[in-house]
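Worksheet for the structure shown next.
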Amino acid sequence: MKKIWFLRSLHGELVPFFIDKSCVALGWDKLAEDLSQKSTAALKKDLLRAYPERETAINIWASYFEKFIHKIQIGDMVLTYNSSERNYLLGEITGQYQYNPKMYFLGQYWPHIRKTKWNPKPISRDILSQNTKNFLGTTLTLSELQQDQVREILQLLEKPSSAKETTLDTKEENSIGIEEAFERLKDKIMSLDSDQMEKLLKEILNAMGYIAEQTPKGPDRALDVFASKDGLGLEDPRIFVEVKHRKGKMGSKEIRQFLGSRKEADKCLYVSTGGFTKDAHYEAERSNVPLTLVDIDKLASIIERYYDNFSSEGRTLLPLKKTYLPL
């Protein structure tokens, strides 16, 4: 069975870079040289010299490079996560380790690379088993998947699942990390139906100090939630919310339709759990009506910030538990 390596990539922000350059990459750009001939001991010395303030991390960092340079073989698979779209991309390693000092993205160099051929078919996090979700919540930069997880990934890639989306396992995990907790929160949000999503937005606005209500269901579904300070819409701000709970991205056409009946004094939120296209962002930026686009990541962050103010109804709709982690 093929090996699959999981490479975390800055909350998925490196995925466009990986695809554009047909590679996977490690940073640590202070190691400005070819490391292919370095022994592990020499690599640890170089890392300590370059990053003396991170002495406690040197051994684990050195193990990443050992795997990246020597253990990963041509023909092995690599998996990475795009958190904004909630899917994983699988690629095949096609080249040996290279040092390329010109690899620059997001204001940083990523000079240590392996050429990779990416499969264009994404794998939704929502159809993975809870066991695999838990493993892929690791805080390690580079790790190898177990055989049952490899089998699951390859089967899903060959034959997309038509099963319903999975929901959070009620079993508590003893070693859940911050990033995995955030992904599980998004899992739970995605498991809600459309009506529950509208209730969730109403709950968020109430928790923020507004008086919000779901609007009556009209044939055009042009508005889902309305909020104001007095609950009557007589006091500013008047907040109009559209909620689209689906996998597809919303485009500029949908944004224009939403804004068509709004006034410049109105404040608008457009929530899309499937995200937005570049054209949609451009349409929002050029709009004369104040508009904030809210994707699944921003929605989860807002919930984390205001959950303590949720009503009992809101906590029933989205039951969460605060967890304290050691520094």
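Bear in mind that the values in this text are calculations on the coordinates, not laboratory data. This is a predicted model, so every value here is computed, not measured. Note that we place each Cβ from the backbone using ideal geometry, even for glycine, and neighbour counts take in every protein chain shown.
Residues whose amide H lies under 5 Å from that of Met250, counting only those 5 or more places away or on a different chain, are Gly275, Phe276, Thr277; hydrogens are built 1.01 Å from N in the peptide plane. Between Leu154, Ala41, Phe226, the Cα set farthest toward the positive side of the dipole of the chain (charges on each charged residue's Cβ, about the Cα centre) is that of Ala41. Legend: distances between Cα atoms for Lys202/Lys267; Lys44/Lys115; Lys133/Lys244; Lys67/Lys186; Lys117/Lys298; pairs beyond 23 Å are Lys44/Lys115; Lys133/Lys244; Lys67/Lys186; Lys117/Lys298. When only the Cβ of Lys, Arg, Asp and Glu is charged (+1, +1, -1, -1), the dipole of segment 4-186 relative to its Cα centre reaches about 360 debye.
If R0 equals 51 Å, the separation of the Cβ atoms of Lys117 and Lys263 corresponds to a calculated FRET efficiency of about 0.50.
Would you work out the charge dipole size for the chain about its Cα centre, treating the Cβ of every Lys and Arg as +1 and the Cβ of every Asp and Glu as -1, and quote it to the nearest 20 debye? Show your work: numbers first, answer last.
Details: 49 positive and 47 negative charges, 168 e Å.
That gives a dipole near 800 debye.
Of the residues Ile303, Tyr282, Ser194, the one whose Cα sits farthest towards the positive end of the charge dipole of segment 194-317 is Tyr282 (charges of +1 on Lys and Arg Cβ, -1 on Asp and Glu Cβ, taken about the Cα centre).
Count the net charge of all other residues whose Cβ sits under 14 Å from the Cβ of Ile74, scoring Lys and Arg as +1 and Asp and Glu as -1.
Numbers: positive: Lys2, Lys3, Lys71, Arg114, Lys115, Lys117; negative: Asp76, Glu92.
Here the charged neighbours net out to +4.
Can you tell me which of Gly107, Gly209, Gly91 moves the most in a GNM of the chain? Springs connect C-alpha atoms under 10 Å apart. Of the options given, Gly107 has the highest mean-square fluctuation. A DSSP coil position with no more than 14 other Cβ atoms inside 10 Å describes the following trypsin sites (Lys or Arg not before Pro) in segment 21-57: Lys30.
Taking the chain as a Gaussian network of alpha-carbon nodes connected by springs under 10 Å, the highest mean-square fluctuation of the residues Val15, Val289, Val243 belongs to Val289.
Pairs of Cα atoms nearer than 8 Å and 6+ residues apart set the relative contact order; for segment 194-317 it is 24 percent. Working note: Karplus 6.51/-1.76/1.60 with θ = phi - 60° gives segment 281-294 the couplings 4, 5, 4, 5, 5, 8, 6, 7, 8, x, 9, 10, 8, 10 Hz, where Gly and Pro are set to x.
One entry in (i) 20.4; (ii) 22.2; (iii) 24.3 is Kirkwood radius over Cα pairs in Å calculated from the shown coordinates; its label is (ii).
Helix content alone sets the calculated 222 nm mean residue ellipticity of the chain: runs of n ≥ 4 DSSP H residues at -39500 (n - 2.57) each, divided across all residues, give -9500 deg cm²/dmol. Placing unit charges on the Cβ atoms only, positive for Lys and Arg and negative for Asp and Glu, gives segment 194-317 a dipole magnitude near 380 debye about its Cα centre.
For the chain, what's the relative contact order in percent, using C-alpha pairs closer than 8 Å and at least 6 residues apart?
On the way: 511 pairs, mean separation 44.8, N = 327.
Taking the mean separation of contacting Cα pairs over the length of the chain, I get 14 percent.
Descending by average beta-carbon neighbour count within 10 Å, the peptides 300-313, 62-75 line up as 62-75, 300-313, the highest first.
Which one of Ala57, Tyr104, Ser22 is farthest out on the positive end of the charge dipole of the chain, using unit charges on Cβ (Lys, Arg +1; Asp, Glu -1) and the Cα centre as origin? The residue sitting most towards the positive pole is Ser22. Taking the chain as the reference, fit the longest principal axis to its C-alpha atoms, fit the long axis of helix 147-158 to the helix C-alpha atoms, and give the angle between the two in degrees, 0 to 90, nearest 10. Helix 147-158 sits at roughly 60 degrees to that axis.
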